[in-house]
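*Asks:* This is the structure I have questions about; it appears just below.
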């Protein structure tokens, strides 16, 4: 009996290896949240009670095929874990000017170099937080929240958590375009490049936010940089293509010279 009580007391005395993280935005009171959305330029401070090493967790950017093993497949996402420089023993770390995109930061006492999970890692581990940064509140601005994320074909709903695109875990081409409208409050279902047509109208009004539909691929015009009012190789697209979400000149993609139609949202 004494042995049982000793083991029980020993188990309860063991402290968790990693502690939860508190988030503060622009010097607000710290709160315990697993994820937070901010605008570029806002200051984020992360705080923990225990000493340890701050790390950045980055998804491996590649195509994750959710159809390869049947319609119920959800592939594990792989992540690399890298120590943030000059952070030894600091209980607080501050980011003053994160570029748009999705970031994961954590606090570990042990050496971990990689993670993998089908579920949102920031909900599965209380020592990891997700910081989602948008350029601004425009349609193309909120699309930038998905930068730094991998290509998932197609992203799916994870039981008890939600859709992978809404969770900012990863996305594909059409779902990225739809994400911006959902962030604006429109109840558009995630539906892929074939079914997205029903929510679009053809247009010749070239401006940021119009969709270039290549049939198999949907891209969004981020900036009209060449001849204004014309699609040319200098124009910037924001899209999920091949292995990741990125902003890139159309002339530097494999899409250049392929036929496309131009659409705007009909909502």
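*Asks:* When the chain is fully extended, how far beyond the present Cα-Cα distance does residue 126 get from residue 56, taking 0.36 nm per residue of separation? Write down the numbers at each step before the final one.
*Replies:* Details: separation 70, 0.36 × 70 = 25.20 nm, distance 1.46 nm.
Gain in length upon complete extension: 23.7 nm.
*Asks:* Over region 145-204, what is the mean sequence separation of C-alpha contacts under 8 Å (at least six apart), divided by residue count, expressed as relative contact order in percent?
*Replies:* On the way: 60 pairs, mean separation 15.6, N = 60.
Once divided by the residue count of region 145-204, the mean separation gives 26 percent.
*Asks:* Out of all DSSP beta bridges with both ends in region 145-266, state the antiparallel percent to the nearest 5. Could the numbers behind the result be given before it?
*Replies:* Working: 21 of 22 bridges.
If I count the DSSP bridges inside region 145-266, around 95 percent turn out antiparallel.
*Asks:* State, to one decimal in nm, how far the label point of residue 111 lies from the label point of residue 39, with both points 7 Å from Cα in the Cβ direction.
*Replies:* Simple spin-label model gives 4.4 nm for this pair.
*Asks:* Considering only 240, 174, 51, give the residue with the highest GNM mean-square fluctuation for the chain, with springs between Cα atoms whenever their separation is below 10 Å.
*Replies:* Sorting by GNM fluctuation, first place goes to 51.
*Asks:* Using a simple spin-label model with points 7 Å from Cα along the Cα→Cβ vector, what separation in nm is obtained for residue 214 and residue 26?
*Replies:* 3.9
*Asks:* For the chain, what is the mean residue ellipticity at 222 nm derived from helices alone (per DSSP H run of n ≥ 4: -39500 (n - 2.57); sum divided by total residues; nearest 500 deg cm²/dmol)? Each step should come with its number before you reach the end.
*Replies:* On the way: 5 runs with 36 residues, N = 267.
After summing the helix terms and dividing by the residues of the chain, the value is -3500 deg cm²/dmol.
*Asks:* If neighbour count is taken as other Cβ atoms inside 10 Å, put 122, 163, 239, 72 in order from fewest to most. Don't jump to the answer; show the numbers that get you there.
*Replies:* Numbers: 122 24, 163 17, 239 31, 72 7.
So the residues, fewest neighbours to most, are 72, 163, 122, 239.
*Asks:* Going by how many other beta carbons lie within 10 Å of each one, how would you line up 250, 262, fewest first?
*Replies:* Working: 250 24, 262 17.
Neighbour counts put them in this order, fewest first: 262, 250.
*Asks:* Still on this structure, I have one more. On a full-extension model of 0.36 nm per residue, what is the gain between residue 98 and residue 228, subtracting their alpha-carbon distance, rounded to one decimal in nm? Numbers along the way, then the final one.
*Replies:* Values: separation 130, 0.36 × 130 = 46.80 nm, distance 2.98 nm.
Extra length available between residue 98 and residue 228 comes to 43.8 nm.
*Asks:* Rank 144, 165, 94 by mean-square fluctuation in a GNM of the chain with C-alpha springs under 10 angstrom and give only the top-ranked residue.
*Replies:* 94
*Asks:* Just the Cα atoms of region 71-169, one point each, no solvent: what log10 I(q)/I(0) does Debye give at q = 0.10 Å⁻¹?
*Replies:* Computed log10 I(q)/I(0) values: -0.32.
*Asks:* Another question, if that's okay. Can you tell me how much longer the chain between residue 118 and residue 191 gets when fully stretched, taken as 0.36 nm per residue apart minus their C-alpha distance, in nm with one decimal?
*Replies:* On the way: separation 73, 0.36 × 73 = 26.28 nm, distance 2.09 nm.
Extra length from residue 118 to residue 191 when fully extended: 24.2 nm.
*Asks:* Something else now. Using Cα atoms only, what is the angle between the long axis of helix 173-183 and the major principal axis of the chain, expressed in degrees (0 to 90) to the nearest 10?
*Replies:* That helix lies at roughly 70 degrees to the long axis.
*Asks:* Shifting gears a bit: Give the angle, between 0 and 90 degrees and rounded to the nearest 10, that separates the Cα long axis of helix 2-13 from the longest principal axis of the Cα atoms of the chain.
*Replies:* Computed tilt is about 40 degrees.
*Asks:* Over the chain, what is the mean sequence separation of C-alpha contacts under 8 Å (at least six apart), divided by residue count, expressed as relative contact order in percent? Before the final figure, lay out the partial values.
*Replies:* Details: 593 pairs, mean separation 42.8, N = 267.
It rounds to 16 percent for the chain.
*Asks:* Which one of 133, 220, 55 has the biggest mean-square fluctuation once the chain is modelled by GNM with Cα springs under 10 Å?
*Replies:* Fluctuation is largest for 55.
*Asks:* In addition: Under a crude label model (7 Å from the Cα following the beta-carbon direction), how far is residue 80 from residue 159 in nanometres?
*Replies:* About 3.4 nm separates the two model spin labels.
*Asks:* Can you figure out the FRET efficiency of residue 261 with residue 68, using R₀ = 45 Å and their beta-carbon distance, to the nearest 0.05? Spell out each step's value before the answer.
*Replies:* Details: r = 30 Å, r/R0 = 0.66.
Efficiency, from the Cβ-Cβ distance: 0.90.
Here, each number is a calculation from the coordinates, and none is a lab measurement. None of these values were measured; they are calculated from a predicted model. Ideal geometry is used to build each Cβ from the backbone, glycine not excepted, and the neighbour counts take in all protein chains shown.
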